Amino acid sequence: MTSSELQEQLNLKALNLLKEDADKIEKLIEVQMENLATRYCPLYEEVLDTQMYGFSRQVDYAVRIGLIEELVGKQILSRLERNLASLYEAMNNRE
């Protein structure tokens, strides 16, 4: 295996791991959206904010060490941020 093949495998693995983590956060957002009608939970909001912050740091690290392109990282974060904004908007409209 050449060094470029190894680097490509590492890049792909990093991207897949980030996508898996993003999917977990997506599921948290979906669960909260589904339960929005039953109750508002500030603790859940705190968990989501913490997850998003940690994930943004992971993406930043992967970009900085060259495992993923900056644009790819921004796209992943942007999708999550849009979904999170939708959740917060729905919560605000409920109050």
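Check the range 37-60 and report whether any residue there is under 30 Å from Glu8 (Cβ atoms), modelled with pLDDT of 95 or more and aliphatic (A, V, I, L, M). Looking for residues that are under 30 Å from Glu8 (Cβ atoms), modelled with pLDDT of 95 or more and aliphatic (A, V, I, L, M), one finds at least one in the range 37-60, hence yes. Residues that are open to solvent by 60 Å² or more (accessible area, probe 1.4 Å), modelled with pLDDT of 95 or more and under 14 Å from the mean Cα position of the chain (by Cα) do occur in the range 6-18.
Find the residue count for the range 43-71, including only residues that are part of a helix (DSSP H, G or I), aliphatic (A, V, I, L, M) and open to solvent by 50 Å² or more (accessible area, probe 1.4 Å).
3
The values are calculated or read from the model by the stated rules, or taken from the named source; none is laboratory data. Keep in mind that what you see is a predicted model, and the values were worked out from it rather than measured. Reconstructed Cβ throughout: ideal geometry from the backbone, glycine too, with neighbour counts over all protein chains shown. Only protein heavy atoms, including side chains, enter the accessible area calculation; ligands, DNA and RNA are left aside. Shrake-Rupley method; radii C 1.70, N 1.55, O 1.52, S 1.80 Å.
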